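In what follows, a single structure is set out as structure tokens and then discussed.
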Amino acid sequence: MQALLDAIAQAEKPAEAIRLFHGRGGLYPGCEHLALDAYPPVWLLTSFKPLDETELAQVGQALTARWQQIAPSEPLNWVYQCRFEGRTDTRLMAGSVPEPHLVSEQGARYLVHVLKGQNHGLFLDMAEGRAWVRAHAASQPRLKVLNLFAYTCAFSIAALQGGARQVVNVDMSAGAISLGQQNHALNELQGKASFLAHDIFKTWGKITRGGPYGLVVVDPPSYQKGSFVATKDYLKLMRRLPDLLIPGGHALLCLNAPELSPAFLQQQMAEAAPELIFEQRLPNPAAFADIAPDRALKVLVYRAPDLPSP
């Protein structure tokens, strides 16, 4: 665990939600099970196998020592979460977690919850995707966006802050949609987005009636029984894209499944919507560097063909 301790010793006081240490990327042998994130003012250590009390004490000592150097007048708050064999155990190790717990990223504010569940309200590895959406909205006047599998609607916040005129957020979880609405209120974006707690595979009518769209964001879970399984369901989504997009419109396709490479998405798209044009794969944040990039988060940009010239 020395690589993690070294990273803590060099950490600066975080102003925004970020990843500090990404052992999962395989660049630090022996630390593949470890990740350390900052959700200011809280540190979150995640391990994918149990840590013993001695190891936890080492991390706590390292965090305490560094915190006394960079923020001596503030209490240290840190949380440990172990995800192992289908179980998730979360412990508050020191300090406290604010309620509500608000973090910022690129000028946006989000509600997060680090003491429950595996998904904390903001996926840190998607920061570059949100930055792309914000910049794209700024470059496309009056952009209309469809945000599928919206979760807590971070893509919607980014699009609206970039200047999009409207975002339709769709997620089957009413709880996630409620958090998304609170995030819009936090950023004073009420009235510029709509929210639909809806299973898209039951009916597309409400979604297609609201289109077509200049940007469709597709960010599903890679495997969630009863909701979405990438290997069989992504193709169904892709077949819908040509009818959902305006000429020249864009689709942002996201996939976080280590066992599936970018070629999986490209092959599926070639079968389902061959007319869409692949433009680029977005980079992941530097903090999420991976020894095997094809196993890391995939975020691909496609474009619908323009109308033919008269």
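When both segment 16-86 and segment 175-242 are represented by their alpha-carbon centers, they are found 32 Å apart. Working from label points 7 Å from Cα in the Cα-to-Cβ sense, the Q182 to Q267 distance is 4.2 nm.
If exposed GluC sites (Glu not before Pro) are those in a DSSP loop with at most 12 other Cβ within 10 Å, what is the longest stretch of the chain that has none? Kindly include the intermediate steps, with their values, before the conclusion.
Values: sites that count: E12, E85, E188, E259, E275.
Of all site-free stretches, the longest is 86-187.
At an R0 of 51 angstrom, the distance between the Cβ atoms of R165 and Q68 translates into a FRET efficiency of 0.55. Between the helical axis of 262-272 and the longest alpha-carbon principal axis of the chain there is an angle of about 20 degrees.
Think of the chain as having a plus end and a minus end, set by charges on the Cβ of Lys, Arg, Asp and Glu; of P72, M126, P40, M126 sits farthest toward the positive end of this dipole. Sorting H33, H184 by accessible area puts them as H33, H184; the probe is 1.4 Å, largest comes first, and only protein heavy atoms count.
Pop out the carbon and sulfur fraction of the accessible area of the chain as a percent, whole number, probe 1.4 Å.
On the way: 7260 of 14270 Å².
C and S fraction of accessible area: 51 percent.
Quotient of the Cα radius of gyration of segment 1-140 and 2.2 N^0.38 Å, N being its number of residues: 1.08.
Computed 3J(HN,Hα) for segment 44-52, one whole-Hz value per residue from the Karplus formula 6.51 cos²θ - 1.76 cosθ + 1.60 where θ = phi - 60°, is 10, 9, 10, 10, 9, 8, x, 9, 7, glycine and proline marked x. Ordered by 1.4 Å accessible area with all protein chains kept, K144, K202, K232 run largest first as K202, K232, K144. Only DSSP H runs of four or more residues enter the estimate; each adds -39500 (n - 2.57), and after division by the residues of the chain the mean residue ellipticity at 222 nm equals -9000 deg cm²/dmol. The Cα-based radius of gyration and maximum Cα-Cα distance (Dmax) for segment 69-111 are 13.9, 39 Å. Give the label of the value calculated from the structure for Rg and Dmax of the Cα atoms in Å, choosing from (1) 25.8, 104; (2) 20.2, 72; (3) 24.3, 80. Step by step, Rg and Dmax of the Cα atoms in Å for this structure corresponds to label (2). Provide the per residue accessible area, probe 1.4 Å, for the chain, rounded to a whole number of square angstrom. Accessible area per residue, the chain: 46 Å².
The values are calculated or read from the model by the stated rules, or taken from the named source; none is laboratory data. It should be emphasised that the depicted structure is a prediction, and the values quoted were computed from it without experimental measurement. A quick note on method: Cβ atoms are made from the backbone with ideal geometry, for glycine too, and the neighbour counts reach across all protein chains shown. Each accessible area value is taken on the protein alone, full model and side chains, heavy atoms only, with ligands, DNA and RNA left out. Shrake-Rupley method; radii C 1.70, N 1.55, O 1.52, S 1.80 Å.
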